[in-house]
Every structure is written in C-alpha cells, then in structure tokens.
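Scroll down for the structure; my scribbles are underneath it.
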C-alpha cells in the first residue's frame, strides 16, 4: 500500500484486497481456499471489526441490565425509560462534541476505535448511579408540601455538588 499502514485508507483497503483475491480465485482449484491478509493494516482492521461487535453487545447488555435494575429500584416502568433515554442522549451529545473538538483542535478526522466504547461505559455507568441518587432524593422529599417541580429542584441541588465534584475529578 502506498499510504500510512495505520491510516483509514490502508485499513479500508484490507477488505477490498480480500474481496479481489476471493473473486480472482473463483472457478480455479483454489476457489474454496481461505483468503487472509496480514500486516499492520489488517490487524487494525480486525481490531476495529471485533471492537465494533463488542461495543454493540456490551451496549445492549448494559442497557437491558441497567433497565431491569432501575425497574426494581424505582418500582416503575416509565422512570427507567426516562433515565436511560437521557443517558443515551447525553452519551451521543458528548461523543459528538468530542468528535468535533478532536477534528478542530487536533486536526484528526476520526476518534480512536476505543473512545466510543469506553465513553459509553463511563457515562452510562456513572450517569445511572447519579440518576438513582436523584430519584431517591426526589422520593425522600415531602410530596405533601411541595410540587413535583420544586421537589426535583431540591433533589438536584442536594446531589449537585457530588455530581459536579465527580465530573471535575474525572
């Protein structure tokens, strides 16, 4: 290849090379042969493929598991949908902002393969913890003397310093 072996062009060429080799062998004695490509570009391409599959499986397992735990903790079917919806939205927003800043500041067109994976794990895991704190604090406020909007403001202000401190530390 006439490009950086770690670059996107080279890793994308691996699949093209494999397909061309398989097509070229059709109708010959080697038509049933296994075609593999080696080298740095191939390793990077394989890593991206495996990581992409792992990310999807991990995301599904986390969302389902956390959803079930939230249903148990909150004794509600609707609150977990709201919590997980806001967390996934926050993840997508954070990943988009990271991608834009990486492009503008670092001049890189893409994030590394592991950035979306580990960002998802961190944001969802920590976000659900703080969401549970918020829900429990909301439930512990006096619902006879305060409106729901007042209760959520009180709960948010009570756990806000903990959340902000954790965000600064991270």
**Asked** Name the residues in the range 118-139 that are touching a residue at least 12 places away in the same chain (Cβ under 8 Å), surrounded by fewer than 16 Cβ atoms within 10 Å (Cβ to Cβ) and farther than 17 Å from residue 80 by Cα, would you?
**Response** 119, 121, 122
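Condition first: surrounded by 12 or more Cβ atoms within 10 Å (Cβ to Cβ), free of Cβ contacts under 8 Å to residues at least 24 places away in the same chain and within 18 Å of the chain's Cα centre (by Cα). Can you find one or more residues in the range 152-160 that meet it?
No, the range 152-160 contains no residue that is surrounded by 12 or more Cβ atoms within 10 Å (Cβ to Cβ), free of Cβ contacts under 8 Å to residues at least 24 places away in the same chain and within 18 Å of the chain's Cα centre (by Cα).
Please tell me if residue 126 is at pLDDT 90 or above, in a helix (DSSP H, G or I) and under 24 Å from residue 163 (Cα atoms).
no
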**Message:** Any residue at all in the range 71-84 that's exposed (fewer than 15 other Cβ atoms within 10 Å of the Cβ), at positive phi, out of contact with any helix residue (DSSP H, G or I) (no Cβ under 9 Å at 6 or more places or on another chain) and modelled with pLDDT of 85 or more?
**Reply:** yes
**Request:** Considering only the range 35-61, state which residues are assigned to a loop (DSSP other than H, G, I, E, B) and either modelled with pLDDT of 90 or more or in contact with a helix residue (DSSP H, G or I) (Cβ under 7 Å, 6 or more places away or on another chain) (or both).
**Result:** 35, 37
**Message:** Between 87, 1, which is in contact with a helix residue (DSSP H, G or I) (Cβ under 6 Å, 6 or more places away or on another chain) and surrounded by 15 or more Cβ atoms within 10 Å (Cβ to Cβ)?
**Reply:** 87
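Restricting to the range 96-115, name every residue that is under 19 Å from residue 7 (Cβ atoms), touching a helix residue (DSSP H, G or I) at 6+ places or on another chain (Cβ under 8 Å) and in a helix (DSSP H, G or I).
Those that are under 19 Å from residue 7 (Cβ atoms), touching a helix residue (DSSP H, G or I) at 6+ places or on another chain (Cβ under 8 Å) and in a helix (DSSP H, G or I): 114, 115.
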**Item:** the range 41-58 residues that are under 23 Å from residue 5 (Cβ atoms), paired with ones that are at pLDDT 85 or above and surrounded by 13 or more Cβ atoms within 10 Å (Cβ to Cβ) (beta carbon under 6 Å, 6 or more apart)
**Value:** 41/14; 42/14; 45/14
**Fill in**
Output for Cβ contacts, cut-off 7 Å, separation at least six or different chains, first residue farther than 26 Å from residue 117 by Cβ in the range 61-82, second surrounded by 10 or more Cβ atoms within 10 Å (Cβ to Cβ) and modelled with pLDDT of 90 or more, reads 74/80; 77/71; 79/70
**Item:** Unique residue being part of a helix (DSSP H, G or I) and modelled with pLDDT under 90 when the list is 15, 4, 32
**Value:** 15
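The values are calculated or read from the model by the stated rules, or taken from the named source; none is laboratory data. The structure presented is a predicted model; accordingly, all values stated were derived computationally and were not measured. Because the Cβ atoms are built from the backbone with ideal geometry, glycine has one as well, and the counts that use them run over all protein chains shown.
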